[in-house]
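Colleague: I have a structure I would like to understand better, so I am pasting it below and will then ask my questions one at a time.
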Amino acid sequence: MEIKVFETIENLNTFAAEKFIEIGTQAIKNHGQFTVALAGGSTPKALFQLLASNKYNNKINWKSVFFFFGDERNVLPDDDESNFRMANENLFQPLNIDSDNIYRWETEIENVKKIAEVYEKSIQHFFRGFPKFDLILLGMGDDSHTASLFPSTKALNEMEKTAVENRVEKLETWRFTLTFPAINNAENIIFLVKGAEKAETLKRVLEGEFQPEKYPSQNIKPENGKLFWLIDKSAAGLLNKNDV
Ligand code: 6PG
């Protein structure tokens, strides 16, 4: 696990963009394609915009990049809350990504179980079995959830499937999420964490007792892959100096 603290969110995003291109270029060289599962929420938006900017938009063959989503809300793809919509507006459309390169949760399907089953099948079909993503981008909520693996929810205990529906009582909603086995099988995992409001939780996750039911982000431990925590200075404010 590599923890890197950045003075500014701009420096963090630049490092993340360089890492994205480095991992992607290597993946395309090694096996002809780059599979990446995107994080939702607000943090990744600036990174998506940077990747779509003139600085990076010609640094990789986007036709060989295949996009998935670490999680999704139970909303339609054009909803303000949709993780797909945020990526579509800030990354896919600006880069003219072909829809054949985008695998989203089909939240227009009639029920939550079916949405998860369909996504599970499309991922298993793409990977011809259990997925090994080249890169998974993750955020962390101030309750230490990641993807839509929220504290004390059923999906935390899913050890077989790749993609599941998950009832999140505290939000009074259904969410969709990749599972720990699917995430931890990735070659590379990058957490993007910014903001002082995350400092307390981040300290507990990185330095506190191992309590994954309470702090699901603690259970992100790639089997054989690499884990990077990219953190801005304010989120890292409470970490022990020798930890970073
Ligand atoms: C989501 C995300 C979620 C997110 C964290 C952090 O659908 O909300 O996938 O896991 O990464 O909630 O969100 P922010 O980046 O908005 O702080």
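Colleague: Can you spot a residue in the stretch 121-128 that is over 24 Å from residue 50 (Cα atoms), more than 16 Å from the ligand (Cβ to nearest atom) and hydroxyl-bearing (Ser, Thr, Tyr)?
Modeller: Restricting attention to the stretch 121-128, the residues satisfying the condition of being over 24 Å from residue 50 (Cα atoms) are 121-128.
Pick out the ones that are also more than 16 Å from the ligand (Cβ to nearest atom) and you get 121-128.
Cutting the leftovers down to hydroxyl-bearing (Ser, Thr, Tyr) gives us 122.
Within the stretch 121-128 (the criterion being over 24 Å from residue 50 (Cα atoms), more than 16 Å from the ligand (Cβ to nearest atom) and hydroxyl-bearing (Ser, Thr, Tyr)), the answer is yes, since at least one residue qualifies.
A quick yes/no check of all residues on (1) of a type outside the set (A, V, I, L, M, F, W, C); (2) in contact with a strand residue (DSSP E or B) (Cβ under 9 Å, 6 or more places away or on another chain); (3) away from the ligand (no atom under 13 Å from the Cβ):
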{"site": "167", "(1), (2), (3)": "yes, yes, yes"}
{"site": "175", "(1), (2), (3)": "yes, yes, no"}
{"site": "178", "(1), (2), (3)": "no, yes, no"}
{"site": "183", "(1), (2), (3)": "no, yes, no"}
{"site": "187", "(1), (2), (3)": "yes, yes, yes"}
{"site": "193", "(1), (2), (3)": "no, yes, no"}
{"site": "200", "(1), (2), (3)": "yes, no, yes"}
{"site": "203", "(1), (2), (3)": "yes, no, yes"}
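Colleague: Return the pairs, sorted by first residue and then second, in which the second residue is within 6 Å of the ligand (Cβ to nearest atom) and of a type in the set (Ser, Thr, Tyr), the first residue lies in the stretch 136-151 and is more than 13 Å from residue 171 (Cβ to Cβ), the beta carbons are less than 6 Å apart, and the residues are 6+ apart or on different chains.
Modeller: 138/146; 139/43; 140/146
Colleague: Also: Of these, 107, 8, 14, 35, which one is in contact with a Pro (Cβ under 8 Å, 6 or more places away or on another chain) and either farther than 26 Å from residue 221 by Cβ or basic (Lys, Arg) (or both)? Working first, answer last.
Modeller: Details: 8 fails: in contact with a Pro (Cβ under 8 Å, 6 or more places away or on another chain); 14 fails: in contact with a Pro (Cβ under 8 Å, 6 or more places away or on another chain); 35 fails: either farther than 26 Å from residue 221 by Cβ or basic (Lys, Arg) (or both).
Within the list 107, 8, 14, 35, the selection yields 107.
Colleague: Let me ask something else about it. Out of all the residues in the stretch 149-161, which are under 20 Å from residue 123 (Cα atoms) and either buried (at least 24 other Cβ atoms within 10 Å of the Cβ) or within 11 Å of the ligand (Cβ to nearest atom) (or both)?
Modeller: 149, 155
Colleague: Looking only at the stretch 38-76, how many residues end up being part of a strand (DSSP E or B) and either of a type in the set (Val, Ile, Thr) or within 11 Å of the ligand (Cβ to nearest atom) (or both)?
Modeller: Keep residues of the stretch 38-76 that are part of a strand (DSSP E or B), which gives 38, 65-69, 71-73.
The next check asks that each one be either of a type in the set (Val, Ile, Thr) or within 11 Å of the ligand (Cβ to nearest atom) (or both); those that pass are 38, 65, 69, 71-73.
Qualifying residue count, the stretch 38-76: 6.
Colleague: Oh, and also: Can you run down the residue pairs with Cβ atoms below 6 Å, 6 or more apart or on separate chains, where the first is in the stretch 158-178 and among the basic types (Lys, Arg) and the partner is part of a loop (DSSP other than H, G, I, E, B) and surrounded by 13 or more Cβ atoms within 10 Å (Cβ to Cβ)?
Modeller: Listed pairs, sorted by first residue: 161/179; 175/148.
Colleague: Out of the residues in the stretch 5-58 that are among the charged types (D, E, K, R) and surrounded by 15 or more Cβ atoms within 10 Å (Cβ to Cβ), state the one that is nearest to residue 102 (Cα to Cα). Reasoning before the result, please.
Modeller: So in the stretch 5-58, the residues among the charged types (D, E, K, R) come out as 7, 10, 18-19, 22, 29, 45, 55.
This time we only want the ones that are surrounded by 15 or more Cβ atoms within 10 Å (Cβ to Cβ), so: 19, 45.
On the way: 19: 21, 45: 17 Å.
Among those that are among the charged types (D, E, K, R) and surrounded by 15 or more Cβ atoms within 10 Å (Cβ to Cβ), it is 45.
Colleague: Can you tell me which of (1) assigned to a helix (DSSP H, G or I); (2) farther than 30 Å from residue 197 by Cα; (3) more than 16 Å from the ligand (Cβ to nearest atom) is the one residue 14 doesn't meet?
Modeller: Of everything listed in (1) assigned to a helix (DSSP H, G or I); (2) farther than 30 Å from residue 197 by Cα; (3) more than 16 Å from the ligand (Cβ to nearest atom), residue 14 misses just condition (2).
Colleague: For residue 146, indicate whether it is surrounded by 15 or more Cβ atoms within 10 Å (Cβ to Cβ), within 15 Å of the ligand (Cβ to nearest atom), under 24 Å from residue 228 (Cβ atoms) and β-branched (Val, Ile, Thr). Steps first, please.
Modeller: On the way: surrounded by 15 or more Cβ atoms within 10 Å (Cβ to Cβ): yes; within 15 Å of the ligand (Cβ to nearest atom): yes; under 24 Å from residue 228 (Cβ atoms): yes; β-branched (Val, Ile, Thr): yes.
The answer is yes for residue 146.
Rule-based calculations on the coordinates, nothing more; no lab input. From a predicted model like this one, the values you see are computed outputs, not experimental measurements. Neighbour counts are summed over all protein chains in view; Cβ atoms, including those assigned to glycine, are modelled from backbone coordinates with ideal geometry.
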